[in-house]
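Take a look at the structure set out below.
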Amino acid sequence: MKNILITNLKDKYAYKYDSIQNKFICVCKNEVVHDLVNERINNIREIFEELSTTSKINDSTKRLIREFLDKMTHEDKYTEDTEGTTYKNFRTYKEHRVKILIYNNLDKISKDLAIILDKPFDNQIDNI
């Protein structure tokens with residue numbers, strides 16, 4: 001959606017576009033990412049429910065989606081394979097990865113927003 005900006009991984013703030021105020025506002029990074037993940041999980045569930053009654057996805061894909069959704073609700077600790085970092089649970093790990101993804105794509109998001117807003121975005125980033 002390109003409505004969230006993370007400019008620093010070390011602090012607790014992010015910026016979310018507020019369509020009422022027509023600008024980015026400062027928000028709690030963990031809360032906005034948690035809400036984003038909730039929304040996407042709900043989207044996955046809705047699409048999965050629609051497609052699972054048809055033959056548009058095979059049994060293997062259905063199983064993988066069910067496993068993913070189950071992992072997102074379990075409270076078991078999760079250890080990431082490559083770094084060996086342990087997280088509170090799989091969902092916490094995924095939220096961490098989403099933060100990094102948003103941060104690493106800040107330049108791309110900024111450029112796309114400049115096109116959408118039809119003005120240079122570098123000035124807006126400097127003002128955040």
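A short reminder: the numbers here are calculations on the coordinates, not readings from a lab. Remember, it's a predicted structure, so these values are computed and weren't measured experimentally. Glycine also receives a Cβ, built like all others from the backbone with ideal geometry; neighbour counts cover every protein chain displayed.
Here's the yes/no breakdown for (1) farther than 30 Å from ARG66 by Cβ; (2) free of Cβ contacts under 8 Å to residues at least 40 places away in the same chain; (3) surrounded by 11 or more Cβ atoms within 10 Å (Cβ to Cβ):
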{"site": "ILE6", "(1), (2), (3)": "yes, no, yes"}
{"site": "ALA14", "(1), (2), (3)": "yes, no, yes"}
{"site": "SER19", "(1), (2), (3)": "yes, yes, no"}
{"site": "ASN22", "(1), (2), (3)": "yes, yes, no"}
{"site": "VAL27", "(1), (2), (3)": "yes, yes, yes"}
{"site": "ILE41", "(1), (2), (3)": "no, yes, yes"}
{"site": "GLU46", "(1), (2), (3)": "no, yes, no"}
{"site": "SER52", "(1), (2), (3)": "no, yes, yes"}
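Do you know which of the residues in region 8-21 that are farther than 17 Å from HIS96 by Cβ and assigned to a loop (DSSP other than H, G, I, E, B) is nearest to the chain's Cα centre (by Cα)? Talk me through it step by step, then tell me what you get.
Here is the first cut: in region 8-21, the residues farther than 17 Å from HIS96 by Cβ are 15-21.
Pick out the ones that are also assigned to a loop (DSSP other than H, G, I, E, B) and you get 19-21.
Working: SER19: 19, ILE20: 22, GLN21: 22 Å.
Out of the qualifying residues, it is SER19.
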Residue ID - farthest from the chain's Cα centre (by Cα), chosen from residues in region 72-87 that are more than 19 Å from ARG40 (Cβ to Cβ), surrounded by 11 or more Cβ atoms within 10 Å (Cβ to Cβ) and not hydroxyl-bearing (Ser, Thr, Tyr):
LYS77
